[in-house]
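Before I ask anything, let me first share the structure, which is written out below as C-alpha cells.
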C-alpha cells in the first residue's frame, strides 16, 4: 500500500509543482494559471474540452483562495468588479457551451498574436512610461470577450482582461486583484456549464495535482501584487503575456510538437 501511495504521489508531483508555479504567477500578475495548465494538458493529449474543464475545476478552488487573499490585502476595486462580473459570466458560459459542441481552437492563434503584441507594448511602457492610473472606459465588452476566450481556450481571462485594463490606465495592483476575484465566480460558472454538458468524465486525474499546487500558492500571489512597484508589474505582465502567447503561436505553426 505504501509503495502504491509513493508511486501515485510521484506521478502527480510534477502537476503539483506546475500548479504551484502557475498560480504564483497568476496571483501576482493576474494571468497564466489557465494558459500554463491548459498547455500542459493539451501536450499530454487531453482533448481541448476536457483540458479546459479540468483546469476550470482546479481554478474554482485556487481562484477562491486567491480572491480571499486579494480582498484581505485590499487589492480589489469593487466598482470595477461590479462592471466585470456580469459580462464575464455571460461570456464564459457562452464559450463553455460552444466548446462543449464545437472545436474552439480555430480563433485561438489569432488571439495569441494579438496578446503577444499587447505584451510587447506593456514591456515598453513599463520601461519608458510612468503608469498614470485612470478609470478604464471599455469594461463590459472586455468582460464578455475575456470570459468567452477563457472558456474556449482553457485560459484567457487574465491575459485578455488584465492586459487591456492596464492599457486603459487601470491601477496595476487593483487590476490584478479585481481580475483574480472576478475569476473565482467566472470559473465556477464555466465549470458548472462543462459539468452539465460533458459530465464528470470530462475531468482528469491531473486536475488533482494542479489543484493542490495552486491552492498552496494562491495565498502568496496577492502579497506580491501589493508589494511590487507598478512599473515592475507592467513589465512582468508584459513579459509573461508575450512568452505564453508566442509559445502558442509557435506551437500552432508546427515548430513545437
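The values are calculated or read from the model by the stated rules, or taken from the named source; none is laboratory data. Note that the structure is predicted; figures quoted are calculated from it, not measured. Quick reminder, even Gly has a Cβ in these numbers, built from the backbone with ideal geometry, and neighbours come from all protein chains shown.
Of everything in region 92-107, what is in a helix (DSSP H, G or I), at pLDDT below 75 and surrounded by 18 or more Cβ atoms within 10 Å (Cβ to Cβ)? Give them in sequence order.
If we filter region 92-107 for residues that are in a helix (DSSP H, G or I), which is where we start, we get 92-99.
Applying the additional criterion that residues be at pLDDT below 75 yields 96-99.
Those that are in a helix (DSSP H, G or I), at pLDDT below 75 and surrounded by 18 or more Cβ atoms within 10 Å (Cβ to Cβ): 96, 99.
Tell me, please, whether a residue that is farther than 28 Å from residue 109 by Cα, outside any loop (DSSP other than H, G, I, E, B), at pLDDT 80 or above and within 15 Å of the chain's Cα centre (by Cα) can be found in region 215-232.
Yes: region 215-232 contains one or more residues that are farther than 28 Å from residue 109 by Cα, outside any loop (DSSP other than H, G, I, E, B), at pLDDT 80 or above and within 15 Å of the chain's Cα centre (by Cα).
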